[in-house]
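Read through the structure below, which is laid out as structure tokens, and then see the notes.
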Amino acid sequence: MTYADYATLVQPDRVHSRLYKDPAIFEDEMDRIFSKTWVWVAHDSQLPNPGDFVTTHVGRQPVIVNRDKKGVVRVMLNRCRHRAATVCEAVSGNAAGFVCPYHAWTYAQDGSLRGMPLPKGYKDFDKSNHGLVQLRVESYGGLIFATFNESAPPLEDFLGRARPWIDLFMKQAGGFPVKAAGEHRFTFPGNWKIQLENTTDAYHFPVVHKSFLTSLDNATEELFSFMQGDGYVEDLGNGHSVLVMIPELVDLEGDLDAPVPERFEALAEELRADYPEEQVRRIVRAVGGSGFNLNLFPNLACSMAFFRVLRPITVDKTEIRHIAITMDGGPPAANRARLRLHEHFQGPMGFGTPDDADAWERVQRGAQAGDDVWIMVNRGEDKTASNAGDVTAETGMRAAYQMWKRMMVA
Amino acid sequence: MSGVDQAKAAEAFIALEADLLDHAEYQQWLDLWDDGGLYIIPIGEGDDFEDRLNYAYDDAAMRRMRVARLTSGQSMSANEAARTVRVTGRYRLLDSSADDVVNIRCAQTLTEYRRETLRTYAANVTFVLKPCDDGFRIQKKVVRLINSDGALAGLTYLL
């Protein structure tokens, strides 16, 4: 498609439904967005030691994220420089290096090519030019991002006004380091941007998640009944946004004198045997997670108590990971509470996720109807210096689509 | 009851449980459980379920909430629940940690149909069953999907 077409497909208040269903647009998104901007690949806690690695994707491209023996985090294409076989099929682990299973070309932890069998068969071959292909890597607050784009702005500039929200989000380990602690992974038959929208969509919550709300005790149900509250959505620039659902839980280290909620009183009592009261309150307040969703364009959300990662697979298939977070070295009782809360809402058997996934699938199916019918994202007023905003505003979607347009026409 | 009779009785009980779930007779399913029973759908290997992320780690209260959700009419995915047929077989008695329970493992193949899509889920299922006057009560059911560490889709029923 021409650049002018992309400019017309995204209006300030609506986007064309071709964005969900045109394979040619999807191809351009892979080139112009996922190969051009910072894409989240891992959290520091997944690679605590030299040699630790995880395998993942940047866009559609398989990569290895590993910590080399000097402690440097590398993101490298997972393909042998000889005839392209993947050099690692494990999801995670610790490796002294990577050996291609096809002809045994061998790479060091830093990706450099160490050798291959029968090297005499190569004339004038410079091994130093045939290491695993490396991406640019930067991190902030333990979040590791990679990009193919050498001229992308520094990560900290790209994150910009999202950075203070990342700092706030990382307080949910209650004073301990944040630890990625397992994940629920599922696919849904729909376009990736449907999920991108959803993490900044408070409007759907009481409708889609009625069965979840019913399962809560009264006080917790009240906490999640934020439609009439003081929440808001704020455009943070570069496609990032924050949806504040529960303003009193924005800063988990604030308001520590408040009474412990009844639902956490038993946990608090258990912790008091091992921790002073102030630390008990800090841990307990952090157990339930933050009161906001931070949406980072294009593939990560720091969502209340977990990381949401999306991976576009095809124009109408997307993989989602919900990575649980625990307190590294924290009290087992508090971490169990966090894991049980994650299981309650998230995952293919959660009380929330299956309904979300069903709604997204219905969007994809419905979007097949109508050749010139638009997706409306015009709801609510943006938060500004002079405007309180509205928790159900579609500000975050507007922000993401304006960034999408900026990248697609660049 | 002899060991052979007890194994046969356990197999019949597991078949009953499977039939109740396929026909969404969830209240009767709840009655099969011991009050302290745990219903666990883990991710990957290992037995330290309590300290790891699972798909489900349900005590009695959570099981009741789960059934309430599936039957409430409030969940859009459950309102259009998949049809399922599951078959259990390949039974094997395992050593029990206690004398008064039956520890039995079986294979389960479940086929679901929803919105034009047929899917299969295969699992190793382990039951710890406590004999009682009218059969057994479930003390523990662990469903280990062979693709538990893969990408699943939303489940609109119970495994």
*asked:* Considering only the range A:364-374, I want to know if a residue exists there that is open to solvent by 10 Å² or more (accessible area, probe 1.4 Å), within 11 Å of chain B (Cβ to nearest Cβ) and part of a helix (DSSP H, G or I).
replied: yes
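Check A:N335, A:N299, A:N378 and return the single one that is open to solvent by less than 40 Å² (accessible area, probe 1.4 Å) and either at pLDDT below 95 or more than 10 Å from chain B (Cβ to nearest Cβ) (or both). Walk me through how you get there before you give the answer.
Working: A:N335 fails: either at pLDDT below 95 or more than 10 Å from chain B (Cβ to nearest Cβ) (or both); A:N378 fails: open to solvent by less than 40 Å² (accessible area, probe 1.4 Å).
Among A:N335, A:N299, A:N378, only A:N299 is open to solvent by less than 40 Å² (accessible area, probe 1.4 Å) and either at pLDDT below 95 or more than 10 Å from chain B (Cβ to nearest Cβ) (or both).
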*Only residues that are touching a residue at least 40 places away in the same chain (Cβ under 8 Å) and open to solvent by 40 Å² or more (accessible area, probe 1.4 Å): list them for the range A:183-227, please.*
A:E183, A:R185, A:P189, A:Y203, A:D217, A:A219, A:M227
*Scan A:L300, A:L271 and give me the residue that is in contact (Cβ under 8 Å) with a residue 60 or more places away in the chain, over 25 Å from the mean Cα position of the chain (by Cα) and under 20 Å from A:V178 (Cβ atoms).*
A:L271
*asked:* Quick check on my filter: what residues within the range A:319-332 are under 22 Å from the mean Cα position of the chain (by Cα) and either within 17 Å of A:L143 (Cβ to Cβ) or more than 10 Å from chain B (Cβ to nearest Cβ) (or both)?
replied: A:R321, A:H322, A:I323, A:A324, A:I325, A:T326, A:M327, A:D328
*Determine, yes or no, whether A:G237 is within 21 Å of A:M327 (Cβ to Cβ) and touching a Lys or Arg at 6+ places or on another chain (Cβ under 6 Å).*
no
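Name the single residue, out of those in the range A:72-121 being part of a strand (DSSP E or B) and touching a Lys or Arg at 6+ places or on another chain (Cβ under 6 Å), that is most open to solvent (accessible area, probe 1.4 Å).
Step one: list which residues in the range A:72-121 are part of a strand (DSSP E or B), which gives A:73-77, A:92-94, A:97-99, A:106-108, A:113-115.
Checking the rest, the ones that are also touching a Lys or Arg at 6+ places or on another chain (Cβ under 6 Å) come to A:73, A:106, A:108, A:113.
On the way: A:V73: 30, A:T106: 46, A:A108: 12, A:L113: 15 Å².
This residue is A:T106.
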*Restricting attention to the range B:105-159, and to residues there that are touching a Leu at 6+ places or on another chain (Cβ under 9 Å) and of a type in the set (S, T, N, Q), which single residue is modelled with the lowest pLDDT?*
B:T156
_Top-ranked residue of the range B:132-153 - restricted to ones that are over 15 Å from the mean Cα position of the chain (by Cα) and within 19 Å of B:T88 (Cβ to Cβ), ranked as least open to solvent (accessible area, probe 1.4 Å)_ = B:G135
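Out of all the residues in the range A:38-51, is one or more assigned to a strand (DSSP E or B) and more than 16 Å from the chain's Cα centre (by Cα)?
Just the residues of the range A:38-51 that are assigned to a strand (DSSP E or B), to begin with: A:39-43.
In the following step, the residues that additionally are more than 16 Å from the chain's Cα centre (by Cα) were identified as none.
No: the range A:38-51 contains no residue that is assigned to a strand (DSSP E or B) and more than 16 Å from the chain's Cα centre (by Cα).
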*B:L118 versus (1) in a loop (DSSP other than H, G, I, E, B); (2) over 12 Å from the mean Cα position of the chain (by Cα); (3) under 24 Å from B:A24 (Cβ atoms): which is the lone unmet condition?*
(1)
*All but one of (1) closer than 26 Å to A:N129 by Cβ; (2) over 19 Å from the mean Cα position of the chain (by Cα); (3) not charged (D, E, K, R) hold for A:H16, so report the exception by its number.*
(1)
_Condition first: closer than 19 Å to B:A12 by Cβ and either surrounded by fewer than 18 Cβ atoms within 10 Å (Cβ to Cβ) or acidic (D, E) (or both). Now tell me which residues in the range B:101-129 satisfy that._
B:R105, B:A107, B:T109, B:T126
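Would you mind finding the one in B:A68, B:A78, B:A56 that is of a type in the set (G, A, S), within 8 Å of chain A (Cβ to nearest Cβ) and under 22 Å from A:I323 (Cβ atoms)? Lay out the reasoning, then the answer.
Working: B:A68 fails: under 22 Å from A:I323 (Cβ atoms); B:A78 fails: under 22 Å from A:I323 (Cβ atoms).
The unique qualifying residue is B:A56.
Report the residue count in the range B:33-53 for those that are more than 14 Å from chain A (Cβ to nearest Cβ) and free of Cβ contacts under 8 Å to residues at least 40 places away in the same chain. Quick ask: steps written out before the conclusion?
Residues of the range B:33-53 more than 14 Å from chain A (Cβ to nearest Cβ): B:33-37, B:47.
Of the ones still in play, those that are also free of Cβ contacts under 8 Å to residues at least 40 places away in the same chain are B:35, B:47.
Count: 2.
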*Quick one: is A:R14 without any contact (Cβ under 8 Å) to a residue 40 or more places away in the chain, open to solvent by 40 Å² or more (accessible area, probe 1.4 Å) and more than 29 Å from A:I323 (Cβ to Cβ)?*
no
*Assuming A:I313 fulfils every condition listed in (1) part of a loop (DSSP other than H, G, I, E, B); (2) within 14 Å of chain B (Cβ to nearest Cβ); (3) β-branched (V, I, T) apart from one, which condition is it?*
(1)
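Please enumerate the residues belonging to the range A:271-310 that are in a helix (DSSP H, G or I) and hydrophobic (A, V, I, L, M, F, W, C).
Applying the first criterion (in a helix (DSSP H, G or I)) to the range A:271-310 yields A:271, A:277-287.
Correct list: A:L271, A:V280, A:I283, A:V284, A:A286, A:V287.
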_Of the residues A:G239, A:G231, A:G254, only one is on the phi > 0 side of the Ramachandran plot and away from chain B (no Cβ under 14 Å); which?_
A:G239
*Could you look through the range A:343-357, keep only residues that are assigned to a helix (DSSP H, G or I), in contact (Cβ under 8 Å) with a residue 40 or more places away in the chain and under 17 Å from A:R185 (Cβ atoms), and pick out the one that is farthest from the other protein chains (Cβ to nearest Cβ)?*
A:F345
*Do you know which residues across the range B:137-157 are touching a helix residue (DSSP H, G or I) at 6+ places or on another chain (Cβ under 8 Å) and at the interface with another protein chain (Cβ under 8 Å from one of its Cβ atoms)?*
B:A153, B:G154, B:L155, B:T156
*asked:* Residue pairs, Cβ under 6 Å, 6 or more apart or interchain, first in the range B:11-32 and closer than 11 Å to B:V85 by Cα, second modelled with pLDDT under 95. List them.
replied: none
_Can you find, within the range A:144-182, the residue that is farthest from the other protein chains (Cβ to nearest Cβ) among those that are open to solvent by 10 Å² or more (accessible area, probe 1.4 Å) and on the phi > 0 side of the Ramachandran plot?_
A:G160
*asked:* So A:R338 ticks every box in (1) part of a strand (DSSP E or B); (2) out of contact with any Lys or Arg (no Cβ under 8 Å at 6 or more places or on another chain) but one. Which box is left unticked?
replied: (1)
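The values are calculated or read from the model by the stated rules, or taken from the named source; none is laboratory data. This structure is a prediction, so every number in the text was calculated from the model and none was measured. With ideal geometry, Cβ positions are generated from the backbone for all residues, glycine too; neighbour counts draw on all protein chains shown. Note: accessible area is taken over every heavy atom of the protein model, side chains too, but ligands, DNA and RNA are not part of it. Shrake-Rupley method; radii C 1.70, N 1.55, O 1.52, S 1.80 Å.
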